[in-house]
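Let me begin by presenting the structure, written as structure tokens, before commenting on it.
The values are calculated or read from the model by the stated rules, or taken from the named source; none is laboratory data. What you see is a predicted model; the values in this text were computed from it and never measured. Quick reminder, even Gly has a Cβ in these numbers, built from the backbone with ideal geometry, and neighbours come from all protein chains shown. With ligands, DNA and RNA removed, areas are computed over all heavy atoms of the protein, side chains included. Shrake-Rupley method; radii C 1.70, N 1.55, O 1.52, S 1.80 Å.
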Amino acid sequence: MEKPVLLEAKHLVKEFPLVNGRKKQTVHAVSDVSLTIRQGETLALVGESGCGKSTLGRTLIRLLPATSGTVEFEGKDITSMSSREFAPYRRQMQIIFQDPYASLNPRMTLRQIIGEPLETYHTAASRQELTKQVGALMDLVGIPREFMNRYPHQFSGGQRQRIGIARAIALEPKLIVCDEPVSALDVSIQSQVLNLLKDLQEKRGLTYLFISHDLGVVRFIADRVCVMFLGMVCETGPTNQLYERPLHPYTRFLLEAIPQPDPNLRSQEKQLLSGEIPSPVNPPSGCRFHTRCPYAKEICSSQTPPCTDRGERQVYCHFPLA
Ligand code: SF4
């Protein structure tokens, strides 16, 4: 049975003004994105850097205001709420950043960093209670309690990411946006942090929006994948289906670009993408991928491809792959 929808974005748009000398321009960071995130699942957002995935993640949880379109959280439109109406929803949606060092205040101890959201929402009746709650969160993420009065610089990158995770789960959110949470870590540490995220998801019924450019990491952690190119969705679907048989030409190229450890397979002919990624200031008309797509036909440059359902998958292409 399908899990209930936790968050649903409909025709979401995020644009930024850009002043270039005397010229006023617009960055089309996210354009007409519709997607759903189901309770307890991990949906990965993938795509090359600059494709708008981080902006989309922040807009979905209202860290950035949407230009147009809606985001519903548990069926309520959070985009049109006042700050006051939105306040109870803020604690339900948290974020883990790529660089745990930059996101932790270097002048605060671990107790203050993890305890801050608890203090803001008055979840503890006393100082002792707060210390107890912080200690329990440290246990959960595997940081010894005796380090409670240490500062961020006294920890390794992996430990700092664990601190960021403890802070993010402090208020028992339902949804966590994980924005490239392991890209800054060594490979050996990456798997420990990914396993911790999986473990916490199981224990606490968390839902993740997992933003990454690393398709190996995404295959390990995600239930479903949403592929983005230049601010638009190309394709979404269950992870195994999408990796085994991509329907969108861009997904296929992303998957073919994964380094192949087997030298016999390495020599197989691969089609590589030509040309630069177009600018989000002046994106191509029609399908935004048409300037790089070897399957492009005339219609691709003039008409935006509609969303086609293929079983559990959605693909935005005039000529999906077989
Ligand atoms: Fe390629 Fe056309 Fe499909 Fe775009 S719509 S991915 S240009 S075939």
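Can you list the strands (runs of 3 or more DSSP E) found entirely within the stretch 198-262 that contain at least 2 residues being hydroxyl-bearing (Ser, Thr, Tyr) and away from the ligand (no atom under 16 Å from the Cβ)?
In the stretch 198-262, 207-212 are the strands (runs of 3 or more DSSP E) which contain 2 or more residues that are hydroxyl-bearing (Ser, Thr, Tyr) and away from the ligand (no atom under 16 Å from the Cβ).
For the stretch 124-140, give me each residue that is at pLDDT 95 or above and more than 16 Å from residue 112 (Cβ to Cβ).
Hits for the stretch 124-140 are 136, 139, 140.
Name the helices (runs of 4 or more DSSP H) wholly within the stretch 53-108 that hold at least 3 residues that are free of Cβ contacts under 8 Å to residues at least 12 places away in the same chain, open to solvent by 50 Å² or more (accessible area, probe 1.4 Å) and farther than 19 Å from residue 206 by Cα?
Qualifying helices (runs of 4 or more DSSP H): 83-90.
Hey, can you tell me all the residues within the stretch 297-317 that are crowded, with 18+ Cβ neighbours inside 10 Å and near the ligand (Cβ under 10 Å from one of its atoms)?
Selection gives 300, 305, 315, 316, 317.
Inspect all residues belonging to the stretch 144-158 and state whether any of them is modelled with pLDDT of 95 or more, on the phi > 0 side of the Ramachandran plot and assigned to a loop (DSSP other than H, G, I, E, B).
no
Which one of these is crowded, with 16+ Cβ neighbours inside 10 Å, closer than 25 Å to residue 219 by Cβ and not acidic (Asp, Glu): 187, 177?
Only one candidate qualifies: 177.
So residue 217 passes all but one of these: (1) without any contact (Cβ under 8 Å) to a residue 60 or more places away in the chain; (2) over 24 Å from residue 250 (Cα atoms). Which condition number does it fail?
Condition (2) is where residue 217 drops out.
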